[in-house]
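This report concerns only the one structure given below.
The values are calculated or read from the model by the stated rules, or taken from the named source; none is laboratory data. All values reported here derive from a predicted model rather than from experimental measurement. So basically every Cβ, Gly included, is an ideal-geometry build from the backbone, and we count neighbours across all protein chains shown.
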Amino acid sequence: MNIFFGEDAYAQLSTLTNNYDKYFVLTDENIYSIYSSMIASMLPGKECVKIVIPSGEESKSIENVMFIWNKLLEAKAGRDSLMINLGGGTISDIGGFAASTYKRGIDFVNVPTTLLAMIDASIGGKNGINFNNYKNQIGLFSEPQSVIINTQFLKTLNERDILSGLAEMMKYAFVADASFLDLDSDNYMEFIEKAAMTKDEIVGFDMKESGLRKILNFGHTIGHALESYYLEKDNYLTHGEAVALGMYSSLYLSVKYCGLDEKWLFFYEMWFKGNLNVLNLNGFDVDAIYSYISHDKKNKGGKPRFVLISAPEKPMTDVEVSEDDIKDAILILKNKFSE
């Protein structure tokens, strides 16, 4: 898989797509309202069929996958067709899933438009949808032909969307590269390419998450549970916000289970409060949030498994944590980070 950076990356896209018969651009309503004219010019001289779905995490549904499949069928898409996924993590997830299952798989390219997608969701070949309100329960591994990263898209994002990507970037400081400890909301642009290449390198060693790639789940066990719990509430959490909270829980558990120096828990608390917004966690129910963890994909023998650290750059995978300690790690979040 190739990752291209910069405004001239679209020239690479045009070159990469010369061998396809039909072209499809999948995007969401928000992106389409801003970039409809740009979509028309993405592939000069080539006709693109546009597929537009509603915006938001709730769009990652089997109903929308069927909608995409129907659009492909109506346009007589074949194995020599290409899907271009233009959007954030939701679009790369559902677009990759729909493309990889249509006629047993057509090629796709990801063009991420959010910070989170640029440094995480669009890279690595994890594609999937939510099911029965559980996050990413149905999916597969299938890499895009390429990822086209143009940071000009970030100019149209609101502050919440930008800040939502910071936690996924800071994650690399704890599991892979301590230089990310210098990351903040002012200098994040300097870390985008490094973050994208760090993820790509890890995935290159372990595509299907049997070993090294597990470290990228740091903060995600409780993070996904929080995201699922708040998914249909008015005070929803973005993926990045949920992971940001989950990372604090993981550091809290790392102190208890892995001997992590407590100074890193304090460091992250100060970093969070200095770079992210306080969150509305009304309706916080520890038992209900914990119940989502029982469906986590990382569980073994029905028991939750965590990625924890003994120090920055020293991750430990498949750590079994007791139910009481998990609930304690969830409970502390409301008092620390809620408005």
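Assorted remarks:
- The condition (being touching a Pro at 6+ places or on another chain (Cβ under 9 Å), surrounded by 14 or more Cβ atoms within 10 Å (Cβ to Cβ) and assigned to a helix (DSSP H, G or I)) is satisfied by just one residue among Ile192, Ile215: Ile215.
- Residues of the stretch 90-101 satisfying the condition of being closer than 23 Å to Gln152 by Cβ and surrounded by fewer than 24 Cβ atoms within 10 Å (Cβ to Cβ): none
- Scanning the stretch 326-334 finds one or more residues that are under 30 Å from Leu212 (Cβ atoms), at pLDDT 95 or above, in the same structural domain as Phe174 (by TED's automatic domain parsing) and not hydrophobic (A, V, I, L, M, F, W, C).
- Asn136 meets each of the listed conditions (1) closer than 18 Å to Phe218 by Cα; (2) touching a residue at least 60 places away in the same chain (Cβ under 8 Å); (3) buried (at least 24 other Cβ atoms within 10 Å of the Cβ) apart from (3).
- Of the residues in the stretch 22-43, none is at positive phi and under 21 Å from the mean Cα position of the chain (by Cα).
- Failed item in (1) buried (at least 20 other Cβ atoms within 10 Å of the Cβ); (2) not assigned by TED's automatic domain parsing to the domain that holds Met83, with Ala178 passing the rest: (1)
- Subset of the stretch 102-124 that is part of a helix (DSSP H, G or I) and either among the small types (Gly, Ala, Ser) or assigned by TED's automatic domain parsing to the domain that holds Glu168 (or both) - its residue that is surrounded by the most Cβ atoms within 10 Å (Cβ to Cβ): Ala117
- Members of the stretch 191-212 that are free of Cβ contacts under 8 Å to residues at least 24 places away in the same chain and of a type in the set (Lys, Arg): Lys194
- Some residue of the stretch 246-254 being modelled with pLDDT of 95 or more and over 21 Å from Arg213 (Cα atoms): yes
- The listed residue being part of a helix (DSSP H, G or I), under 13 Å from the mean Cα position of the chain (by Cα) and more than 20 Å from His295 (Cα to Cα), out of Ser179, Ser164: Ser164
- Out of Phe266, Phe306, sole residue that is aromatic (Phe, Trp, Tyr) and surrounded by fewer than 15 Cβ atoms within 10 Å (Cβ to Cβ): Phe266
- Residue that is surrounded by fewer than 17 Cβ atoms within 10 Å (Cβ to Cβ) and in contact with a helix residue (DSSP H, G or I) (Cβ under 9 Å, 6 or more places away or on another chain), where the choices are Asp200, Asp184: Asp184
- Failed item, numbered, when Lys233 is tested on (1) outside any helix (DSSP H, G or I); (2) in contact with a Ser or Thr (Cβ under 6 Å, 6 or more places away or on another chain): (2)
Condition check ((1) outside any loop (DSSP other than H, G, I, E, B); (2) within 19 Å of Met1 (Cα to Cα); (3) in contact (Cβ under 8 Å) with a residue 60 or more places away in the chain) across all residues:
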residue	(1), (2), (3)
Phe24	yes, no, yes
Glu58	yes, no, yes
Lys76	no, no, no
Gly95	yes, yes, yes
Ser100	yes, yes, no
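- Filtered by the rule that a residue be farther than 20 Å from Glu209 by Cα and touching a residue at least 24 places away in the same chain (Cβ under 8 Å), the stretch 119-133 gives Phe131, Asn133.
- Checked across the stretch 4-12, the condition of being among the hydroxyl-bearing types (Ser, Thr, Tyr), without any contact (Cβ under 8 Å) to a residue 40 or more places away in the chain and within 17 Å of Asn110 (Cα to Cα) holds for no residue.
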